[in-house]
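Undergrad: Please find one structure pasted underneath; my questions will follow.
The values are calculated or read from the model by the stated rules, or taken from the named source; none is laboratory data. Just so you know, these numbers come straight off a predicted model, no measurement behind them. In this analysis, Cβ positions are derived from the backbone assuming ideal geometry, glycine residues included, and neighbour counts consider all displayed protein chains.
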Amino acid sequence: MIAAKRYYITGRVQGVSFRFFTLRSSCTLGITGFVRNLNDGRVEILAQGTRTALESFYDSIKKGPPAARVDHIEIVEEQPDSKYTDFQITY
């Protein structure tokens, strides 16, 4: 069963390749959705996949790439949307 979650990541997450790190993690785990920088300095991710894949994805993004510092992740449960067939970096 597919689940969907929206993550808002706070910390040093812009300018440290966090979006590209997220893209690689999503592709490895079969996650669909998107990642983007927000104007307030956070990163937003919409991720869809199996519950197991989303748990592994969360473990990955809470660490982030080496130069990142994740201070907080807000998680919002979402309804899966079939329009997301891959994972993309959006601007």
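Undergrad: Considering only segment 26-45, I want to know if a residue exists there that is of a type in the set (Ser, Thr, Tyr), outside any strand (DSSP E or B) and under 9 Å from the mean Cα position of the chain (by Cα).
TA: Yes.
Undergrad: Please go through segment 26-55 and give me each residue that is free of Cβ contacts under 8 Å to residues at least 60 places away in the same chain, hydroxyl-bearing (Ser, Thr, Tyr) and touching a strand residue (DSSP E or B) at 6+ places or on another chain (Cβ under 9 Å), ordered by number.
TA: Once the filter is applied, which keeps residues that are free of Cβ contacts under 8 Å to residues at least 60 places away in the same chain, hydroxyl-bearing (Ser, Thr, Tyr) and touching a strand residue (DSSP E or B) at 6+ places or on another chain (Cβ under 9 Å), segment 26-55 yields Thr32, Thr50.
Undergrad: Still on this structure, I have one more. Give Ala3, Ala68, Ala47 a once-over and let me know the one that is under 13 Å from Gln88 (Cβ atoms) and either aliphatic (A, V, I, L, M) or exposed (fewer than 15 other Cβ atoms within 10 Å of the Cβ) (or both).
TA: Ala47
Undergrad: Could you count how many residues in segment 6-15 are more than 16 Å from Tyr91 (Cα to Cα) and either among the basic types (Lys, Arg) or surrounded by fewer than 20 Cβ atoms within 10 Å (Cβ to Cβ) (or both)?
TA: Going through segment 6-15 one residue at a time, the tally reaches 4.
Undergrad: Please list, ordered by first then second residue, the pairs with beta carbon atoms under 6 Å, 6 or more apart or interchain, first in segment 76-88 and more than 13 Å from Ile2 (Cβ to Cβ) and of a type in the set (S, T, N, Q), second surrounded by 14 or more Cβ atoms within 10 Å (Cβ to Cβ) and modelled with pLDDT of 95 or more.
TA: Gln88/Phe34
Undergrad: Give segment 24-43 a look and list any residue that's buried (at least 17 other Cβ atoms within 10 Å of the Cβ) and either modelled with pLDDT under 95 or closer than 18 Å to Ile75 by Cα (or both), or say none.
TA: Within segment 24-43, Ser25, Ser26, Ile31, Thr32, Gly33, Phe34, Val35, Asn37, Arg42, Val43 qualify.
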